[in-house]
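Trainee: Shown below is the structure under consideration.
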Amino acid sequence: MARIVFLGPPGAGKGTQAAEIARTAGWAHLSTGDLLRAAVRAGTPLGREADGYMRQGLLVPDDLVLRILKERLAEADARSGFILDGYPRNPAQARTLEAITPIDHVVYFEIPPGVLVERLTQRRHCPSCGRIYNLATLPPKRPGVCDVEGATLLQRTDDRPEAVTTRLAAYRDQTAPLLDHYRALGLLRTVDAAGTPEEVTRRVRAAVGLAAAPREPL
Ligand code: AMP
């Protein structure tokens, strides 16, 4: 059982690592970005309200995000442990989270800011299985097509250059101040997020006290 927060700028690889580590450790992967995108696709009132903020790369108002987060945290699989990917993103959200649940580790994905724009604008995902690719560092075997599903890969609307600049500014101004907060609480585990996905997985696992992942059969 572990309750973990992944903190770091957009494009640092939090989502890729959260999916992999949650899967192998048997924890829930709680991505507020994924939950919001699902609400937008479903056309719920909350999704319609969140959509405009997300398109521009702005943070969605705290009360909307908290509503979907609470619903997801109440689901059964979160009881065996969870990775929060993308929450909290400002000091008010950090205070709210502390009132809801204790946290064991905050993993900070440290990465030189210069590589983020490239990583974000090269990112593609499979609309069917959610797998994330990068045209430069983690390309699909066949151009434009998911290795697993065969579906045509898509680009997130907020991975286009206009929104990327706003998202990086939101991170710098509103989210980065949380680093000092969690450092002072003794919860911050800093991980070098530059490197191959496998290297970063090993570092994150070590940072949260997980043994090396068992090798999967080829
Ligand atoms: P992500 O997938 O984590 O990059 O999130 C995509 C977008 O969803 C962000 O740019 C925000 O517009 C919104 N979002 C996700 N998580 C939060 C949060 N904790 N607070 C406010 N907005 C969020």
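The values are calculated or read from the model by the stated rules, or taken from the named source; none is laboratory data. All of these numbers come straight from a predicted model, not from anything done at the bench. We place every Cβ from the backbone using ideal geometry, glycine too, and count neighbours over all the protein chains shown.
Trainee: Taking interchain pairs and intrachain pairs at least six residues apart, which have beta carbon atoms under 7 angstrom, with the first residue in the stretch 73-86 and more than 11 Å from LEU35 (Cβ to Cβ) and the second surrounded by fewer than 14 Cβ atoms within 10 Å (Cβ to Cβ)?
Mentor: SER80/MET1; SER80/GLY26; GLY81/MET1
Trainee: I'd like to check something: does the stretch 148-155 contain any residue that is under 16 Å from GLY57 (Cα atoms), touching a residue at least 24 places away in the same chain (Cβ under 8 Å) and within 16 Å of the ligand (Cβ to nearest atom)?
Mentor: Step one: list which residues in the stretch 148-155 are under 16 Å from GLY57 (Cα atoms), which gives 155.
From what's left, touching a residue at least 24 places away in the same chain (Cβ under 8 Å): 155.
Among the residues that remain, those that are also within 16 Å of the ligand (Cβ to nearest atom) are: 155.
Yes, the conditions are met somewhere in the stretch 148-155.
Residue by residue, here is whether (1) of a type in the set (Gly, Ala, Ser); (2) within 10 Å of the ligand (Cβ to nearest atom) holds:
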| residue | (1), (2) |
| --- | --- |
| GLY57 | yes, yes |
| VAL65 | no, yes |
| ALA74 | yes, no |
| PHE82 | no, no |
| PRO88 | no, yes |
| ARG95 | no, no |
| ASP104 | no, no |
| PHE109 | no, no |
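Trainee: Also, I was wondering about something else. Taking interchain pairs and intrachain pairs at least six residues apart, which have beta carbon atoms under 8 angstrom, with the first residue in the stretch 91-113 and under 17 Å from ALA78 (Cβ atoms) and the second in a helix (DSSP H, G or I) and within 15 Å of the ligand (Cβ to nearest atom)?
Mentor: Going by the 8 Å Cβ cut-off, the qualifying pairs are THR96/ASP62; THR96/LEU66; ILE100/LYS70; ILE100/LEU73; THR101/LEU73; ILE103/LEU97.
Trainee: List the residue pairs whose Cβ atoms are under 8 Å apart, where the first residue sits in the stretch 53-64 and is under 16 Å from PRO88 (Cβ atoms), the second is near the ligand (Cβ under 6 Å from one of its atoms) and in a loop (DSSP other than H, G, I, E, B), and the two are 6 or more positions apart or on different chains.
Mentor: That search, which allows pairs on different chains as well, returns LEU59/ARG89.
Trainee: Do we have any residue at all in the stretch 203-214 that's within 22 Å of ARG123 (Cα to Cα), modelled with pLDDT under 95 and not polar (S, T, N, Q)?
Mentor: no
Trainee: Does THR166 qualify as being polar (S, T, N, Q), within 16 Å of the ligand (Cβ to nearest atom) and surrounded by fewer than 19 Cβ atoms within 10 Å (Cβ to Cβ)?
Mentor: Yes: the conditions hold for THR166.
Yes/no per residue for (1) buried (at least 20 other Cβ atoms within 10 Å of the Cβ); (2) closer than 21 Å to VAL5 by Cβ; (3) under 18 Å from the mean Cα position of the chain (by Cα):
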| site | (1), (2), (3) |
| --- | --- |
| THR44 | no, no, no |
| TYR53 | no, no, yes |
| ILE68 | yes, yes, yes |
| ARG79 | no, yes, no |
| PRO88 | yes, yes, yes |
| GLU98 | no, yes, no |
| VAL107 | yes, yes, yes |
| GLY114 | no, no, no |
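Trainee: Looking at (1) surrounded by 15 or more Cβ atoms within 10 Å (Cβ to Cβ); (2) under 26 Å from ALA206 (Cα atoms); (3) over 14 Å from the mean Cα position of the chain (by Cα), which is the one condition that is false for ARG72?
Mentor: (2)
Trainee: Do you know which residues across the stretch 57-66 are part of a helix (DSSP H, G or I) and over 19 Å from LEU7 (Cβ atoms)?
Mentor: Here is the first cut: in the stretch 57-66, the residues part of a helix (DSSP H, G or I) are 62-66.
The answer is ASP63, LEU64.
Trainee: On to the next question. Within the stretch 123-141, take every residue that is hydrophobic (A, V, I, L, M, F, W, C) and surrounded by 14 or more Cβ atoms within 10 Å (Cβ to Cβ) and give me the one that is nearest to the chain's Cα centre (by Cα).
Mentor: That would be ILE132.
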